[in-house]
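Every number here is computed from the coordinates shown, using simple stated rules; none is lab data. None of these values were measured; they are calculated from a predicted model. All Cβ positions, even for glycine, are placed from backbone atoms using ideal geometry, and neighbour counts span all protein chains on display.
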Amino acid sequence: MPLYVKELFKSYGKTVAVRGISFTAHEGKVFGLLGPNGAGKTTTLKIIATVLKPDSGSVFLNDTEVINDPERAREYISYVPEDAGTYRNLTGYEHLTFAATVYAKNEKEYDEFLEDGIKIADLGDKIHDKTKSYSKGMKRRLQIARALMIKPRLAVLDEPTAGIDVFHAINIRNIIKDFAVKNSSIVIVSSHNMFEVEKLCDEIGIINEGVLLKVGSVKEIKGNSQDLEEVFIKLAKGDQTEPQKGEIKG
Ligand SMILES: Nc1ncnc2c1ncn2[C@@H]1O[C@H](COP(=O)(O)OP(=O)(O)O)[C@@H](O)[C@H]1O
Ligand SMILES: [Mg+2]
């Protein structure tokens with residue numbers, strides 16, 4: 001079953017961060033929220049991952065209304081925040097064994113989770129070093145490994161390749177795509193990188209100032225435009241110069 005996001009609204013004091021976001025993300029596919037800094041990507045992902053309550057709106061996953069039943073929803077969801085931290089004095093391996101212990105139903109699954117996690121993290125011998133010696137990119141890979149190895153129904157990854165070098169970013173993108181297809185899981189990522197989103201995502205939602213300007217496949221969104229950058233600029237401009245549906249031109 002797909003993930004349904006309906007009419008999310010969220011303000012922080014006077015700042016309206018998210019104003020009526022709705023979209024559907026499908027199994028076996030990667031959905032990308034693409035937009036500039038401050039667009040509302042992180043706020044939207046936090047709401048879906050149950051770490052932030054919206055002012056209104058709903059999220060449906062597997063018969064669960066995520067916002068009203070976060071405990072149940074968390075059984076299906078893995079979330080990697082934008083600024084995910086690690087425990088400095090634990091090794092990468094210890095982070096993975098901890099997650100495997102929490103989520104595995106039996107010894108066989110524990111071994112599978114751990115083996116997968118080590119593969120995804122791709123840290124070589126450094127997996128046995130304390131994470132305080134890791135670079136930002138190494139920590140990022142460890143977090144993604146921890147999130148995906150347990151095979152969640154829904155993985156929510158906020159800027160998954162931020163701070164990762166080109167070679168590892170390619171590798172991580174392949175891992176995320178494979179993960180979605182092999183497990184028929186739903187993956188939602190955010191990014192401000194148009195190139196990345198085009199490579200990684202099956203479907204895209206272009207977000208600006210808390211509004212989803214357009215949702216569709218990469219092909220649909222690109223249309224006759226050369227690249228996503230051109231699409232974004234056209235959409236962002238159109239948003240300012242053309243009246244909204246139902247709005248009276250004055
Ligand atoms: N905790 C917060 N308190 C106040 N304002 C916030 C907070 N988090 C985000 N915002 C504001 O909400 C808007 C959307 O932010 P965010 O969801 O982080 O966007 P993005 O991830 O696309 O950069 C921005 O204007 C940001 O400054
Ligand atoms: Mg963000």
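Structural remarks
- C-alpha center-to-center spacing [region 133-152, region 211-225] in angstrom: 30 Å
- By the rule of a C-alpha distance below 12 Å, with chain neighbours fewer than 8 residues away ignored, the aspartates and glutamates paired with residue 182 are 27.
- The chain - share of DSSP beta bridges that are antiparallel (%, nearest 5): 55 percent
- Cα gyration tensor shape for region 10-70, rounded if a/c is under 1.5, else prolate or oblate: oblate
- Take the Cα of residue 12, step 7 Å toward its Cβ, do the same at residue 151, and the gap between the two points is 3.7 nm.
- Computed magnitude of the charge dipole of region 83-195 (debye, nearest 20; Cβ of K, R +1, Cβ of D, E -1): 200 debye
- Taking GluC sites (Glu not before Pro) in DSSP loop states with no more than 14 other Cβ atoms inside 10 Å as exposed sites, the chain has its longest site-free stretch at 83-246.
- Mean residue ellipticity at 222 nm, helices only, the chain: -12000 deg cm²/dmol; runs of at least 4 DSSP H residues each add -39,500 (n - 2.57), and the sum is divided by the number of residues.
- Cα gyration tensor, region 92-194 - rounded (a/c under 1.5), prolate or oblate: oblate
- The chain - charge dipole about Cα centre, Lys and Arg +1 at Cβ, Asp and Glu -1, debye rounded to 20: 400 debye
- Look at where the Cα atoms of region 64-90 and of region 1-45 average out, and the two centres are 16 Å apart.
- Between 73, 101, 51, the Cα set farthest toward the positive side of the dipole of region 48-110 (charges on each charged residue's Cβ, about the Cα centre) is that of 101.
- Loop-located trypsin sites (Lys or Arg not before Pro) in region 1-102, at most 12 other Cβ atoms within 10 Å (DSSP): 14, 88
- Cross-link table 119/214; 136/199; 46/136; 105/126; 132/199; 6/53, entries beyond 24 Å C-alpha to C-alpha: 119/214; 105/126; 132/199
- Hull volume per residue, based on the alpha-carbon atoms of the chain and their convex hull, is 137 Å³.
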